């Protein structure tokens, strides 16, 4: 398993967009617009690969001087529950910490709340709807 930072527009990034579409968007009847993807040019794009195949990914978006927002966390369905998400999160936290950020925020799907709580994140909002499904704002100090 190899964890690495991806370049926007690269072949690996295209794999990332496809994985996110298949897992996070398509089931909700949503797609990505070119504007959505253009906004990711300055984000920290993280992928987890086995050989050259993307197995999981996430994005960190700068939210001020001391915080980043974790977005678009996705793991191949057949590999969920096998530790890839946890490894991705630890890597993302280390990258953020190394870049000088002191906290990570996210809009976590209600169904993923327990996963993030096990990694030290805490709910800091009431439940709200985003892309038609329940979410919470969660955060962790690094």
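A few comments on the model shown:
- Taking each residue of the stretch 121-142 that is on the phi > 0 side of the Ramachandran plot and looking for partners that are surrounded by 11 or more Cβ atoms within 10 Å (Cβ to Cβ) and at pLDDT 95 or above with beta-carbon atoms closer than 8 Å, six or more apart or interchain, yields nothing.
- Exactly one residue among 8, 107 is surrounded by fewer than 18 Cβ atoms within 10 Å (Cβ to Cβ), under 26 Å from residue 134 (Cα atoms) and modelled with pLDDT of 95 or more, and that residue is 107.
- Within the stretch 1-23, being assigned to a helix (DSSP H, G or I) and farther than 14 Å from residue 75 by Cα holds for 11, 12, 13, 14.
- Checked against (1) in contact (Cβ under 8 Å) with a residue 12 or more places away in the chain; (2) touching a helix residue (DSSP H, G or I) at 6+ places or on another chain (Cβ under 8 Å); (3) farther than 26 Å from residue 98 by Cβ, residue 24 passes all but a single condition, namely (2).
- Within the stretch 1-22, the set of residues being within 11 Å of residue 45 (Cβ to Cβ) and within 14 Å of the chain's Cα centre (by Cα) comprises 4, 5, 6, 13, 16, 17, 20.
- Take the conditions (1) surrounded by 12 or more Cβ atoms within 10 Å (Cβ to Cβ); (2) touching a residue at least 24 places away in the same chain (Cβ under 8 Å); (3) out of contact with any strand residue (DSSP E or B) (no Cβ under 7 Å at 6 or more places or on another chain); (4) under 20 Å from residue 5 (Cβ atoms); residue 112 misses just one of them, which is (4).
- When residues of the stretch 115-142 are limited to those that are in contact with a helix residue (DSSP H, G or I) (Cβ under 7 Å, 6 or more places away or on another chain) and not in a strand (DSSP E or B), the one surrounded by the fewest Cβ atoms within 10 Å (Cβ to Cβ): 132
- If you go through the stretch 86-108 and keep only what is in contact with a helix residue (DSSP H, G or I) (Cβ under 9 Å, 6 or more places away or on another chain) and within 20 Å of residue 20 (Cβ to Cβ), you end up with 86, 89, 104, 106, 108.
The values are calculated or read from the model by the stated rules, or taken from the named source; none is laboratory data. This one's a predicted model, so the numbers in the text were calculated from it and none came from an experiment. No Cβ is skipped: glycine too gets one built from the backbone with ideal geometry, and neighbour counts run over all protein chains shown.
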